[in-house]
Amino acid sequence: MINRFIAVCRSFIRKKINKVRLVYFHIKRLFSNESIKYRKTEKFLLLLSAALAVSIIVAIHFDGEMTPAASSARYTTSWIGNSFGGGDKWVQIQISGMYVAPDGTIYTNSEWDEAGREVGIYKNGDVVGKAEDLHGWGRSGGVAITANDKYIYVAMEQSGIDQKKEGYPPKGTNWYCVRRYDLAGKIAPFSNGKGWDKSMLIVSTKDEVKGLASVGKELFVSDSVGNKVRVYNTETMQELRSFDVAKPGNIAIDRNGDLWVIKNNAIAHYSKQGKQLPGVISGLENPSAVAVDNRGRLLVAENGRKQQILIYNIKNQPQQIATFGEKGGIYAGVPGKVKDLKFYGISGVGSDSWGNIYISNDGFERSGVDLRKFSASGKLQWKLLGLQFLDNADVDPATNGLSVYTKNERFAMDFSKQAGKEATYEGYTLNAFKYPQDPRLHTAPDAPFVRNIQGKKFLFLTDMYGGMLQIYRFNKQTDGEIAIPSGMFVVSHPNGKPALGKDYPPFQPSKGEWIWRDKNGNGKFESDEYDRSEDHPYIGGWWVDSKGDIWKNLRTQDGVGIRHFPLQGLDKNGNPIYSYSKMEKIAHPKIFGDLRRIEYFPETDTMYLSGYTEENRAINSDYAKLIGSEIARYDNWSKGNRQPKYRIVLPVDRSAPPEVLNPAAMSVAGDYVFAVTVKKAEVYVYDAKTGRQVKILKPGAEVFGETGWVDIPYGVRAFQRQNGEYLVFVEEDAKAKVMMYRFNS
């Protein structure tokens with residue numbers, strides 16, 4: 001990449017030198033008949049031009065040789081977690097339903113995509129398009145989709161937003177619809193269609209459409225709550241008939257025109273007219289999708305512990321004749337190790353007219369898109385990823401940046417590759433079967449901290465409003481890539497209720513805050529594993545320092561806003577030990593009336609705090625996720641110093657009044673303090689020694705100069721590599737990725 005850059009620069013300089021030569025010869029002609037004074041001027045101009053050209057060439061040469069990543073004045077914008085950088089191309093954050101056309105075009109559906117690709121269209125490993133107008137105004141996608149040679153039929157939801165608006169349901173009412181599009185994703189209205197554009201067929205007002213399939217001029221729709229399969233004309237969208245099926249789900253149609261319908265943990269066989277036929281496939285564990293391949297075989301996505309595609313001969317009585325994918329999926333062999341034929345959270349299966357097989361993996365608890373195409377012989381052809389949503393990344397510090405974690409994934413980094421290609425997806429860290437009580441399956445964590453404590457690696461996760469801190473340990477010998485639930489801090493419910501609700505986790509205290517530690521190492525919440533307290537429900541931030549101590553700050557007015565939990569070692573199962581009996585309450589500096597974030601570095605005894613001050617108060621409403629108006633640095637913290645070395649007054653975004661926003665997140669690494677804004681995700685970089693602003697990182701051309709909002713409290717995370725290079729990760733949930741800026745000190 002650098003050599004290419006140097007070559008481009010040299011070509012540019014050669015062109016400029018040629019222009020200089022032209023100017024020189026033009027001047028020479030003008031002065032050729034004049035006095036010797038002008039000939040001296042001519043020589044001076046020539047020497048000046050040559051010196052300028054040589055200096056540029058030397059500067060470019062040495063800049064390329066000395067700074068292989070980027071110079072201190074420049075930076076590179078990159079990303080991890082998505083196959084594309086943005087613009088018109090990104091892989092959506094979720095796939096809940098999929099249909100593969102005979103020509104290999106893939107149509108996908110999801111209930112939500114932050115950037116509006118609820119329905120995605122893909123082909124040949126590329127993004128082809130999306131269905132329009134499924135984002136906002138109470139509209140969202142769904143879990144089923146199909147197409148014929150003229151239209152796409154999309155399960156979707158339209159909620160009521162304004163009774164007075166024509167084409168919308170009343171407030172409090174939802175339409176669960178089938179919406180029709182042309183094959184390019186444009187609305188295809190029909191007579192008597194509902195909605196503002198007459199493109200919606202209302203199937204139910206109680207529950208979503210669970211299955212769609214089309215053959216000839218008939219569209220089959222699973223009305224699960226009505227316990228019926230309804231049949232419509234594909235052109236007029238008029239209902240032709242219906243027949244009873246208990247809670248029907250995904251539908252496939254075979255060569256004879258018969259239906260194979262998922263119902264609970266079985267697949268039932270029906271004629272087009274609704275007559276139940278012999279050949280029920282039973283004994284399945286969570287079948288999630290069905291399709292028929294070019295040989296007439298039934299493909300069943302088994303989304304239970306097998307995590308495989310089961311293949312059936314259905315010419316007579318259904319008979320399983322093969323499987324596709326490793327048994328156990330992502331947990332086979334080395335658990336969590338990503339391989340071509342290891343599936344996880346299968347949400348769709350399909351086949352084209354050549355017998356190629358398409359698998360959509362949605363992870364567990366919708367942890368991200370992993371869409372794959374295989375040849376008929378089972379060889380991977382391509383893979384598309386859209387893995388990150390409400391997420392950030394952090395480096396395993398023991399690897400010098402070569403291993404990066406998000407909340408569910410691990411990436412191996414190769415920084416010699418071009419932007420967007422540095423990260424290889426290698427590990428999925430969530431085991432939904434071995435650890436079903438993993439908090440990631442029951443709560444909504446986001447940004448990770450990765451720490452090495454006493455020679456062992458740990459993953460810490462926070463959530464959007466700072467109500468919890470989750471702790472995970474690793475044991476490569478027993479669990480491979482899996483992050484094992486190890487501990488958890490949860491703050492008090494403000495109304496005296498159980499902190500996380502009555503259903504999860506089991507045995508939690510009835511009120512107050514608590515620390516859970518997995519004392520017996522089984523990853524489950526047991527009654528004797530809680531430490532209880534009633535301290536303060538409203539926190540501002542968490543921090544885990546390099547020694548493993550945990551810090552949290554409270555948004556308090558009483559002047560005692562810092563809690564310090566010293567690490568008390570690791571127990572016999574490798575879990576870090578913390579307790580309320582060892583917790584220290586520390587008065588915070590008086591300049592902060594509303595303390596928001598805390599980062600402490602024991603190696604230098606340096607504390608960084610952020611929040612709102614008397615001089616710079618919150619403007620208008622109190623936006624709980626923000627870091628406040630100032631960052632202050634304190635040296636010799638443990639010795640009692642509470643006088644700041646400096647105070648950084650943070651920028652204020654007034655672009656959408658009356659909403660006024662301070663930055664969303666901060667991070668300290670090496671010689672810099674980083675703060676990222678909400679709407680534009682601009683990273684303000686300050687000299688950690690002086691507090692002086694030195695640069696701003698903005699999304700570059702590599703990501704089309706765009707980004708989504710930073711919507712989590714730890715939306716920026718920085719790390720300095722041993723060669724001086726900085727990696728700065730920023731949440732970018734709009735298009736399912738994490739931004740990564742790179743620059744040299």
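Based on the alpha carbons, how large is the Rg to Rh ratio for region 612-711 when Rh follows Kirkwood? Write down the numbers at each step before the final one.
Details: Rg = 14.7 Å, Rh = 14.7 Å.
Answer for region 612-711: 1.00.
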| With Cα atoms, 0 to 90° folded angle of helix 36-66 axis to the chain main axis | 50
| said: Using the Cα centre of the chain as the reference point, and only Cβ charges (+1 on K/R, -1 on D/E), how large is the resulting charge dipole? Debye, rounded to the nearest 20. | reply: 2120
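Would you please calculate the Kirkwood hydrodynamic radius of region 160-258 over all C-alpha pairs and express it in Å, rounded to one decimal? Mind dumping the intermediate values first?
On the way: mean 1/r = 0.0699 Å⁻¹.
Taking every pair of different Cα atoms in region 160-258, averaging 1/r and inverting gives 14.3 Å.
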| field | Relative pair counts by distance (%), Cα atoms of region 76-229, 5 Å bins | value | 2, 10, 18, 23, 20, 13, 8, 4, 2, 1, 0
| In the set (i) 53; (ii) 42; (iii) 47, which value of percent of Cα pairs over 38 Å apart was calculated from the structure you see? | (iii)
| message | Let me cross-check Lys150: its accessible surface, 1.4 Å probe, with only protein heavy atoms counted, in Å² to the nearest 10? | response | 90
| note | Taking alpha-carbon centroids only, region 206-260 lies from region 262-309 a number of Å equal to 15
| query | In region 296-387, which chymotrypsin sites (Phe, Trp or Tyr not before Pro) are in a loop and have at most 14 other Cβ atoms within 10 Å, using DSSP for the loop call? | reply | Trp354
| request: Return P(r) of region 500-630 (all Cα-Cα pairs; 5 Å bins starting at 0; whole %; ordered from short to long distances). | output: 2, 10, 16, 19, 18, 15, 11, 7, 3, 1, 0
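Count charges around Ile330 for me, please; just the other residues with Cβ under 15 Å from its Cβ, Lys/Arg as +1, Asp/Glu as -1. Could you put the intermediate results ahead of the total?
Numbers: positive: Arg305, Lys306, Lys327, Lys337, Lys339, Lys342, Arg372, Lys383, Arg410, Lys434, Arg440; negative: Glu302, Glu326, Asp340, Asp362, Glu365, Asp370, Glu409, Glu426, Asp438, Asp479, Glu481.
Taking every Cβ under 15 Å from that of Ile330, the sum is 0.
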| Surface accessible to a 1.4 Å probe, Ile539 within the full protein complex, Å² | 10
| note | Projecting the Cα atoms of Ile357, Pro509, Ala444 onto the charge dipole of the chain, where Lys and Arg contribute +1 and Asp and Glu -1 at Cβ, the residue farthest towards the positive end is Ile357
| remark: So Lys639 and Leu380, fully extended at 0.36 nm per residue minus their Cα-Cα distance, gain in nm 87.3 nm
| message | With loop defined by DSSP as not H, G, I, E or B, and exposure as at most 16 other Cβ atoms within 10 Å, which is the longest segment of the chain clear of exposed GluC sites (Glu not before Pro)? | response | 366-525
| field | Projected area, mean over directions - region 207-340, Cα convex hull, nm² | value | 9.0
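Per DSSP H run of n ≥ 4, the term is -39500 (n - 2.57); total these for the chain, divide by its residue number, and report the mean residue ellipticity at 222 nm rounded to 500 deg cm²/dmol. Don't skip to the end; give the middle numbers.
On the way: 3 runs with 65 residues, N = 745.
-3000 deg cm²/dmol, from helical runs alone.
Explain nothing, just the number: dipole magnitude of region 120-208 about its Cα centre with +1 on each Lys and Arg Cβ and -1 on each Asp and Glu Cβ, in debye rounded to the nearest 20. If you can, show how the numbers build up before the last one.
On the way: 13 positive and 11 negative charges, 38 e Å.
The dipole magnitude comes to about 180 debye.
In nm, what is the difference between 0.36 nm times the number of residues separating Lys590 and Arg255 and their Cα-Cα distance? Don't skip to the end; give the middle numbers.
Numbers: separation 335, 0.36 × 335 = 120.60 nm, distance 7.57 nm.
That works out to 113.0 nm of additional length.
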| Given H placed on each backbone N at 1.01 Å, which residues far from Gly420 in sequence or on other chains put an amide H within less than 5 Å of it? | Trp79
| query | For Pro318, what charge total do you get from the other residues with a beta carbon under 13 Å from its beta carbon, if Lys and Arg give +1 and Asp and Glu give -1? | reply | 0
| query | Along the charge dipole of region 524-635, which of Ser527, Pro602, Ala618 sits closest to the positive end, that is, farthest toward it, with unit charges on the beta carbon of Lys, Arg, Asp and Glu (+1, +1, -1, -1)? | reply | Ala618
| remark: Counting only DSSP loop positions in region 111-145, the chymotrypsin sites (Phe, Trp or Tyr not before Pro) whose Cβ has at most 15 other Cβ atoms within 10 Å are Trp137
| Selection from Val261, Ile631, Gln557, by position along the positive dipole direction of the chain (Cβ) | Ile631
| request: Kindly sort Trp196, Trp260 by accessible area of their heavy atoms, largest first, with the probe set to 1.4 Å. | output: Trp196, Trp260
| field | Carbon + sulfur, % of accessible area of the chain - ligands and nucleic acids excluded, 1.4 Å | value | 51
| request: For Asn233 and Glu526, calculate 0.36 nm times their separation in residues minus their Cα-Cα distance, and state this gained length in nm to one decimal. | output: 100.0 nm
| query | For region 491-585, which chymotrypsin sites (Phe, Trp or Tyr not before Pro) are in a loop by DSSP, counting at most 14 other Cβ atoms within 10 Å? | reply | Phe507, Tyr538
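Could you give the size of the charge dipole of region 295-447 about its Cα centre, using +1 on the Cβ of each K and R and -1 on the Cβ of each D and E, expressed in debye and rounded to the nearest 20? Each step should come with its number before you reach the end.
On the way: 20 positive and 16 negative charges, 160 e Å.
Here region 295-447 has a charge dipole of around 760 debye.
The values are calculated or read from the model by the stated rules, or taken from the named source; none is laboratory data. Being a predicted model, the structure only gives us computed values, none of them experimental. So basically every Cβ, Gly included, is an ideal-geometry build from the backbone, and we count neighbours across all protein chains shown. Just the protein is used for accessible areas: all its heavy atoms, side chains included, with ligands, DNA and RNA removed. Shrake-Rupley method; radii C 1.70, N 1.55, O 1.52, S 1.80 Å.
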